[in-house]
Amino acid sequence: MRDRTELVRASYTAYETGEREMLEKILADDFRFWSPPDPGIDRATYWERCWPNHENHAKFEYVRLYEVGDEVVVTYEAERADGSRFRNTEVFGFEGDKIRTVEVYFGWNL
């Protein structure tokens, strides 16, 4: 099984580089995504609503990155393409070596 924290890091790298194919390989077929505006959307809807935001993300810096049981919890500070910054916390759930769920908690501008 691949290191789950490395899979999470790879998911953020995909956003930084725009490499959708990299992210497609590590998301489970039954992937679900939760955030306040996107409660429990499926994989297809995630690609439609969330992936286009990769163009607005320039860089992620990890404040915390912990594997706890079958989850990885990450808090990051990110820089947008326009130079503004924000902070989020996300909880990743897994099925083997695939990311099956992501819960996003956000709202902090820096």
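The values are calculated or read from the model by the stated rules, or taken from the named source; none is laboratory data. Model, not experiment: these values are computed from the prediction. Glycine gets a Cβ as well: all are built from the backbone with ideal geometry, and neighbour counts include every protein chain shown.
A Cβ distance below 7 Å, combined with a sequence gap of six or more or placement on separate chains, defines the contacts here; from region 35-48, residues that are within 22 Å of residue 18 (Cβ to Cβ) reach residues that are charged (D, E, K, R) and not in a strand (DSSP E or B) in the pairs 38/49; 41/49. For region 28-41, the criterion of being of a type in the set (Ser, Thr, Tyr), assigned to a strand (DSSP E or B) and under 15 Å from residue 100 (Cα atoms) is satisfied by at least one residue.
Sub-6 Å Cβ pairs linking a first residue in region 84-102 that is in a loop (DSSP other than H, G, I, E, B) to a second residue that is at pLDDT below 95 and not charged (D, E, K, R), at least 6 apart or interchain, are 97/1, ordered by first then second residue.
So which of 81, 58, 10, 28 is surrounded by fewer than 14 Cβ atoms within 10 Å (Cβ to Cβ) and either of a type in the set (A, V, I, L, M) or on the phi > 0 side of the Ramachandran plot (or both)?
None of the others qualify; the one that does is 81.
Does residue 98 fit the bill of being among the basic types (Lys, Arg), surrounded by 12 or more Cβ atoms within 10 Å (Cβ to Cβ), at pLDDT 95 or above and in contact with a helix residue (DSSP H, G or I) (Cβ under 8 Å, 6 or more places away or on another chain)? Criteria met by residue 98. Only one of the numbered conditions (1) assigned to a strand (DSSP E or B); (2) modelled with pLDDT under 95 is violated by residue 54, and that is (1).
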